[in-house]
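The values are calculated or read from the model by the stated rules, or taken from the named source; none is laboratory data. If you're wondering where the values come from, they're calculated on a predicted model, not measured in any experiment. Glycine gets a Cβ as well: all are built from the backbone with ideal geometry, and neighbour counts include every protein chain shown. We work out accessible area using only protein heavy atoms, side chains counted, and drop any ligands, DNA or RNA first. Shrake-Rupley method; radii C 1.70, N 1.55, O 1.52, S 1.80 Å.
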Amino acid sequence: MMTTMTTTVPVQVRPAALARQVLQALLDEVTLTPKPGLVDLRSRGAHADLNWALMCHSACVLEPVFAAMAQAGWESGDDDDGLRQRIGAIGRDGEALMLAATGGVNTHRGAIWALGLLVTAAAQQGARGASLAPQAVAARAGALARLHDRGAPGATGNKGELACLRYEVDGARGQARAGFPLVTGAGLPALHASRVRGDSETTARLNALLAILSGLDDTCVLSRGGEAALLALQSGAARVLAAGGAATAAGTEALLALEAVALARGVSPGGAADLLAATLFLDRLTEGEAHGNA
């Protein structure tokens with residue numbers, strides 16, 4: 001049964017508004033500077049085929065895709081299985097749209113998965129009048145992720161999928177099915193703690209990225225550099241945080257060292273970047289525009 005929107009529903013949880021918040025989270029992530037091995041305002045990072053403008057274009061192209069997922073969540077009622085099939089199809093169409101817009105370059109495949117689930121869950125929670133707390137939205141997204149997508153191919157051959165098989169890690173799908181524990185348990189706490197101690201918004205977001213990276217089996221890193229590269233980036237991120245975060249002199253030095261390692265090894269923690277965008281979306285969902293400017 002379709003749920004009817006009423007004027008009592010907060011504007012920020014209606015499908016179009018949720019899609020705009022996802023878009024803003026993606027733009028905030030790619031614009032965050034400096035990031036180790038990732039595209040930012042300074043450079044392509046470890047990528048030869050990506051740049052800031054292309055990432056922004058891709059994010060804008062995908063806004064209607066996230067709006068369609070949010071609309072599906074809004075209209076789903078209690079039919080979680082039907083919803084899972086619907087957003088799976090929307091996601092596959094969205095990936096094709098992305099590749100057409102970027103000339104075949106994968107800019108946001110992981111983000112379509114992670115943020116698609118989260119925006120669907122947020123809309124479903126909003127339509128039900130249920131909690132929009134990060135843990136509640138992430139748990140709802142995890143419940144959807146655990147449902148079988150009958151339209152999905154048995155194997156895609158994507159680099160992330162191959163890395164999961166080779167290194168026996170769960171990757172982005174495992175994070176989603178577990179309810180995004182590195183978003184709610186690492187990214188958001190680091191973001192909020194950094195703000196509380198008076199760090200700039202840029203520093204707070206960098207510290208959130210590093211907290212995620214230090215604990216994530218990032219398949220983007222594994223696929224390009226193997227286990228040694230992943231361990232180097234995880235330990236490097238942990239060293240920045242142990243030095244007081246990206247704002248301290250020692251932390252800045254450790255961040256520069258981490259960037260040098262990423263570039264030397266030719267690896268980019270794209271999985272961590274996707275989870276940072278997820279972190280910023282959930283933060284924006286609950287905090288509004290209070291922390292929107294870096």
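Please find, within region 145-163, the residue that is farthest from the chain's Cα centre (by Cα) out of those that are closer than 19 Å to residue 181 by Cβ and open to solvent by 30 Å² or more (accessible area, probe 1.4 Å).
147
Could you list, in sequence order, the residues of region 87-108 that are of a type outside the set (Ser, Thr, Tyr), assigned to a helix (DSSP H, G or I) and within 13 Å of residue 59 (Cβ to Cβ)? Give the derivation first.
Filtering region 87-108 down to residues of a type outside the set (Ser, Thr, Tyr) leaves 87-101, 103-106, 108.
Right, trim to assigned to a helix (DSSP H, G or I) and you get 87-101.
If the condition is that a residue be of a type outside the set (Ser, Thr, Tyr), assigned to a helix (DSSP H, G or I) and within 13 Å of residue 59 (Cβ to Cβ), then 94, 97, 98, 101 are the ones that fit.
Of the residues 225, 185, 142, only one is touching a helix residue (DSSP H, G or I) at 6+ places or on another chain (Cβ under 9 Å) and either crowded, with 22+ Cβ neighbours inside 10 Å or among the polar types (S, T, N, Q) (or both); which?
Numbers: 185 fails: either crowded, with 22+ Cβ neighbours inside 10 Å or among the polar types (S, T, N, Q) (or both); 142 fails: either crowded, with 22+ Cβ neighbours inside 10 Å or among the polar types (S, T, N, Q) (or both).
Exactly one residue qualifies, and that residue is 225.
Filter region 164-196 down to the residues that are basic (Lys, Arg) and modelled with pLDDT of 95 or more and list them by number.
Answer for region 164-196, where residues must be basic (Lys, Arg) and modelled with pLDDT of 95 or more: 177, 195.
With the condition kept exactly as written, say whether any residue in region 92-102 is closer than 25 Å to residue 177 by Cα, touching a residue at least 60 places away in the same chain (Cβ under 8 Å) and either surrounded by fewer than 23 Cβ atoms within 10 Å (Cβ to Cβ) or over 17 Å from the mean Cα position of the chain (by Cα) (or both).
Taking every residue of region 92-102 in turn, at least one turns out to be closer than 25 Å to residue 177 by Cα, touching a residue at least 60 places away in the same chain (Cβ under 8 Å) and either surrounded by fewer than 23 Cβ atoms within 10 Å (Cβ to Cβ) or over 17 Å from the mean Cα position of the chain (by Cα) (or both).
Residue-by-condition table, conditions (1) closer than 23 Å to residue 55 by Cα; (2) β-branched (Val, Ile, Thr); (3) in contact with a strand residue (DSSP E or B) (Cβ under 6 Å, 6 or more places away or on another chain):
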| position | (1), (2), (3) |
| --- | --- |
| 67 | yes, no, no |
| 70 | yes, no, no |
| 75 | no, no, no |
| 87 | yes, yes, no |
| 91 | yes, no, no |
| 97 | yes, no, no |
| 101 | yes, no, no |
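From the set of residues in region 35-58 that are among the aliphatic types (A, V, I, L, M) and out of contact with any His (no Cβ under 7 Å at 6 or more places or on another chain), which is surrounded by the most Cβ atoms within 10 Å (Cβ to Cβ)?
38
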